[in-house]
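Computed from the coordinates by the stated procedures, all read-outs in this text should not be read as laboratory data. Since we're looking at a predicted model, the values are computed, not measured. In this analysis, Cβ positions are derived from the backbone assuming ideal geometry, glycine residues included, and neighbour counts consider all displayed protein chains.
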Ligand code: GDG
């Protein structure tokens, strides 16, 4: 059986699997790598003056980790540039924030090539290679150029945009053509896969078979839907750990009987934070009876701080939160507790469990794991209500949530009112349906589904004889 090589921009195997701060994704990938005696390859997190291509190889908790340093300028163009100022906004339906700069494309192509060259010597004939996310769309093309005939899979963690939007990307055909050098392209949702197939037939003059194999640009690849999940068992345990209980008690004590609405997000414009604040403001304006009876705790950890759009968003959120508190706060009630610091995973789990309502209202999201963590953390006897954006990938699975249009303040405000008065029996039955899904379609199911589909792929025909 061949080894599994996972490639991602950053490599973060958990140093100690028992620490509750490690993410579920890192744990799941590390477990798969141990099982397949695999290698995790990516950027070291370090920049150097002159690129050397020198690999650093170490073993972390049974996982072989191989990393490479990048030059600061090329990393900037590839990561802050093409990945996070071009692809991220466009794929999240924000062409207004999308920057098209030639140097970004060039840096992106160069880093993908560097990754391929650095990885090449590590690859053995039977290995299969699983590449993570939009930072590395060109990697298969670069590896094929270095005569790599192994099976190559790609998983996109973010949405795939509608055809009419994608064609606004200069050289969109080059991006999609490069993806077709993978054998398997995985998406979070049917909606994303459908948009990809629509591009193939509608913009690339290609064809699609009923089981989702696509042909275009003289190449073909399989497509699949693999909704990512969380380590539900681990999160359910974390939610009743000592640290979680302490966080739970602390927030309940400070709530003095008021209902808790909770949001937990990276501070990113895709997460709909500003729209959420405005919906909450509307609720307070329209329903004076609710004032002082609830509060919103929004944890928004800082992210990509050196990209302008994130600084602008932060400034706007500071303004809106200040305005809401200025208008409605009383001497002993702060309607919006807006926090930019990060919390431990187990503390978060305790906060989720204490919440009456989880507000997960992104404007676009590949999946959204916070929605699943919220469900996993609930007390089965007295679960909170999840309010979930219809534009989060998770809405395809968690249809028992109160599904809302995050662009509509009225819709979100009404869902909050409905959630606050939802009878226990309804809360329980909705939660039961959601937790069944969160447990069944967990991170191991995602990983195993993808790995099995990749291992089952036929090798690329043109290279099979090499
Ligand atoms: C991308 C896609 C897709 C947040 N604050 C803290 C903290 N977090 C953790 C959450 C959750 C994770 O960060 C966020 O995951 P999401 O899935 O919600 O969103 P993205 O970061 O945008 O992830 C997304 C995902 O990839 C996986 O494919 O679902 O659609 O955009 O786990 O708990 N964790 C800690 N402290 C915090 O303060 N420890």
Query raised in the report: So what is the calculated 222 nm ellipticity per residue for the chain, using -39500 (n - 2.57) for each DSSP H run with n of 4 or more, over all residues, to the nearest 500 deg cm²/dmol?
Result: -12000 deg cm²/dmol
Report summary line: For the stretch 127-186 the translational diffusion coefficient, Stokes-Einstein from a Kirkwood Rh over Cα pairs at 20 °C and viscosity 1.002 mPa s, in µm²/s, is roughly 178 µm²/s
Query raised in the report: On full extension of the chain, what length is gained from residue 306 through residue 408, given 0.36 nm per residue of separation minus the C-alpha to C-alpha distance?
Result: 33.7 nm
Query raised in the report: Taking only Cα atoms, what is the 0 to 90° angle, nearest 10, from helix 424-440's long axis to the longest principal axis of the chain?
Result: 20 degrees
Query raised in the report: Between residue 34 and residue 332, 0.36 nm times their residue separation minus their Cα-Cα distance comes to what?
Result: 102.0 nm
Requested in this report: Using DSSP, restrict attention to beta bridges with both residues in the stretch 232-440 and report what percent are antiparallel, rounded to the nearest 5.
Outcome: 5 percent
Query raised in the report: In Å, what is the Rg of the alpha-carbon atoms in the stretch 195-292, and how long is Dmax?
Result: 23.4, 65
Query raised in the report: Of 1, 422, 367, how do they rank once you tally other Cβ atoms within 10 Å and put the fewest first?
Result: 1, 422, 367
Query raised in the report: What order do you get for 408-415, 145-152 when each peptide is scored by the mean count of other beta carbon atoms within 10 Å, highest first?
Result: 408-415, 145-152
Report summary line: Between the alpha carbon centres of the stretch 376-396 and the stretch 252-289 the gap in Å comes to 16 Å
Query - Alpha-carbon centroids, the stretch 102-168 and the stretch 37-51: separation in whole Å - result: 15 Å
Query raised in the report: Rounded if a/c is under 1.5, else prolate if a/b beats b/c, else oblate: with a ≥ b ≥ c from the C-alpha gyration tensor eigenvalues square-rooted, which is the stretch 277-358?
Result: oblate
Report summary line: Expected sort for 228, 299 with the fewest Cβ neighbours (10 Å cutoff) up front is 299, 228
Report task. Would you please put 443-450, 393-400 in order of how densely packed they are, using the mean number of other Cβ atoms within 10 angstrom per residue and starting with the highest? Result -> 393-400, 443-450
Query - Normalised alpha carbon radius of gyration of the stretch 71-120 [divisor 2.2 N^0.38 Å] - result: 1.18
Report task. Could you rank the peptides 332-342, 32-42 by their average count of other C-beta atoms within 10 Å per residue, with the highest value first? Result -> 32-42, 332-342
Report task. Report the Stokes-Einstein translational diffusion coefficient (µm² s⁻¹, integer) for the chain, Rh taken as the Kirkwood radius over Cα pairs, at 20 °C with viscosity 1.002 mPa s. Result -> 92 µm²/s
Query raised in the report: Taking Rh as the Kirkwood radius computed over C-alpha pairs, what is the Stokes-Einstein D of the stretch 322-390 at 10 °C in a medium of viscosity 1.306 mPa s, expressed in µm² per second?
Result: 114 µm²/s
**Report entry** Sorted by Cβ neighbour density within 10 Å, fewest at the top, the residues 75, 135, 172, 287
**Finding:** 287, 172, 75, 135
Requested in this report: Take the Cα atoms of the stretch 416-458, build their convex hull, and give its volume per residue in Å³.
Outcome: 85 Å³
Report summary line: Output for the stretch 232-440 (equivalent-ellipsoid semi-axes, sqrt of 5λ from the C-alpha gyration tensor, Å, descending) is 24, 20, 18
